[in-house]
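First up is the structure itself, then whatever we jot down about it.
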Amino acid sequence: MTDDRGTSRRRWRVALIVSLALNLFLVGLVGIWAVRPMFRGPPSPPDFSRTIERMAHRLSDADAAILRRAYESHRDAIVQRSRDVETARRTVRRTLRGDPFDPDALAHSMDDIRKARTAFEQTLQDVMREAAAEISPDGRRILSRGPHGR
């Protein structure tokens, strides 16, 4: 009978240790999940080269080269315009947190977002306009379906 009691105690100890280890593991996972965003740093600007590559993939080799060349000639401007949009967004968030709240400053910072987005879109349109002026009629028809080919 004492053997059963000793075996039972050992089982409880093992179960307790396993349970404790599992709980510590889960707490560690949740902790990592919660803390990880703090160490990521600022997000990188969107990479439109994947969109361009998806579009170029459907074109002939000659037309794809023209599209890629048009994109490359504007890549730095696209990255800068994207950063400008993100900077304007941060300004709006900072203005919203301001105390005392300044509605005029919010309106101004929202105007800055609109201007930054317009400049960004114009740069993207420059890429498409330059490429469309040089590629074949079939290539323009393919591009008219959009980046996803719809």
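Quick notes
- Meets criteria (more than 23 Å from the chain's Cα centre (by Cα) and of a type in the set (Ser, Thr, Tyr)) for Ser60: yes
- Under the condition of being modelled with pLDDT under 75 and charged (D, E, K, R), the residues counted in the stretch 1-41 number 5.
- Residues of the stretch 75-110 classified as outside any helix (DSSP H, G or I) and buried (at least 16 other Cβ atoms within 10 Å of the Cβ), total: 0
- Comparison of Ile135, Ile113 shows that the only residue that is more than 28 Å from Glu53 (Cβ to Cβ) and either of a type in the set (Gly, Ala, Ser) or buried (at least 16 other Cβ atoms within 10 Å of the Cβ) (or both) is Ile113.
- Residues of the stretch 59-74 that turn out to be surrounded by 15 or more Cβ atoms within 10 Å (Cβ to Cβ) and in a loop (DSSP other than H, G, I, E, B), as a count: 1
- Only a single criterion out of (1) in contact with a Pro (Cβ under 9 Å, 6 or more places away or on another chain); (2) at pLDDT below 90 is not satisfied by Gln80, namely (2).
- If you go through the stretch 131-141 and keep only what is under 20 Å from Glu72 (Cα atoms) and either assigned to a helix (DSSP H, G or I) or under 27 Å from the mean Cα position of the chain (by Cα) (or both), you end up with Ala131, Ala132, Ala133, Glu134, Gly139, Arg140.
The values are calculated or read from the model by the stated rules, or taken from the named source; none is laboratory data. Quick caveat, the model's predicted, so the values are computed rather than measured. We place every Cβ from the backbone using ideal geometry, glycine too, and count neighbours over all the protein chains shown.
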